[in-house]
Amino acid sequence: MSAGLKIFLQHIPMSEMTAKELCRVRLRFLDLLKSFFAQEPDAEKMGRWRGIFSALAREQISPSIDRAVKDCSLLLNTKRLQDLQEEYYRLFSDPFGSTKVHMTTSYYLNGHTYGQTLVSLRSFLAEARLVKDPGVKESEDTLVVMLDILFSLVEEEKEMGSPQTRAFQARLLEEFLTPFGRTFSIAMEANENADFYCACSRFLCAYLGLEKDLIAEN
């Protein structure tokens, strides 16, 4: 994992990273993941993705991440911005589309939105003393909101170094994000209209696996 993570730290060896530096690396990966799914891409975002994946493609992180990085890099260099925008709309925005892919954990684990999983996640947030921004319309068990929750917990760890914060991260991954990522990726693989975002879902799952390993090691 260290070889790939160092790309965000000007190639600082893992042995020389401080805990705060490692948290900064994780925050940058989470920010990248959120950028895939938060909204339709624009030219600036696509250019940023191309630069990041071009750099990551020269690294060796893990077999699963390396494959996803290779796929994302290839697609970013062969597709037009309009292609990605149309794919995003078909998959995530079109209210009448038959190929729309859901982005809430309740849908996959309970069979419908606003299910028991959402209730459990809200209870988890109360326990962790986190509150969703009132301006965010999506439910707490939506992918981008869950990534925001993990982002907030990692930020808290960076600033305070609390073992309890790390425990909350482990629970969020185990109970919500990892099950979502697994079922979401299966849905994407089965969708004929998914191409680039299917590769993004594989990258998501692979990175969440690294997060679990990292937390288990500490």
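On the basis of being in contact (Cβ under 8 Å) with a residue 24 or more places away in the chain and over 25 Å from R28 (Cβ atoms), does T113 make the cut?
Yes.
The number of residues in the range 114-130 being touching a helix residue (DSSP H, G or I) at 6+ places or on another chain (Cβ under 7 Å) and open to solvent by 60 Å² or more (accessible area, probe 1.4 Å) comes to 2. Listed by position, the helices (runs of 4 or more DSSP H) inside the range 50-158 whose residues that are modelled with pLDDT of 95 or more and over 20 Å from C205 (Cα atoms) number at least 3 are 81-88, 116-128. The set of residues from the range 132-147 being over 12 Å from F180 (Cα atoms) and touching a helix residue (DSSP H, G or I) at 6+ places or on another chain (Cβ under 7 Å) comprises K132, V136, E138, S139, E140. Scanning the range 36-45 for residues being buried (at least 17 other Cβ atoms within 10 Å of the Cβ) and assigned to a helix (DSSP H, G or I) gives a total of 2. The residues of the range 53-91 that are touching a Lys or Arg at 6+ places or on another chain (Cβ under 9 Å), among the acidic types (D, E) and closer than 22 Å to H102 by Cα amount to a single one, E87.
Considering only residues in the range 18-35 that are in contact with an Asp or Glu (Cβ under 9 Å, 6 or more places away or on another chain), at pLDDT 85 or above and not aromatic (F, W, Y), the one that is nearest to M160 (Cα to Cα) turns out to be C23. Taking the residues in the range 187-218 that are in contact with a helix residue (DSSP H, G or I) (Cβ under 7 Å, 6 or more places away or on another chain) and open to solvent by 60 Å² or more (accessible area, probe 1.4 Å) as candidates, determine which candidate is modelled with the highest pLDDT. Checking each candidate, the answer is R202. Scanning the range 160-186 for residues that are surrounded by fewer than 18 Cβ atoms within 10 Å (Cβ to Cβ), in contact (Cβ under 8 Å) with a residue 60 or more places away in the chain and in a helix (DSSP H, G or I) yields a total of 2. Looking only at the range 47-78, residues that are closer than 30 Å to E138 by Cα, open to solvent by less than 10 Å² (accessible area, probe 1.4 Å) and touching a residue at least 24 places away in the same chain (Cβ under 8 Å) come to 6 in all.
The values are calculated or read from the model by the stated rules, or taken from the named source; none is laboratory data. Computed from a prediction, not measured in an experiment: that's the story for all the values here. Backbone-built Cβ (ideal geometry, glycine too); neighbour counts: all protein chains shown. Heads up: the accessible areas ignore ligands, DNA and RNA and are worked out on the full protein's heavy atoms, side chains in. Shrake-Rupley method; radii C 1.70, N 1.55, O 1.52, S 1.80 Å.
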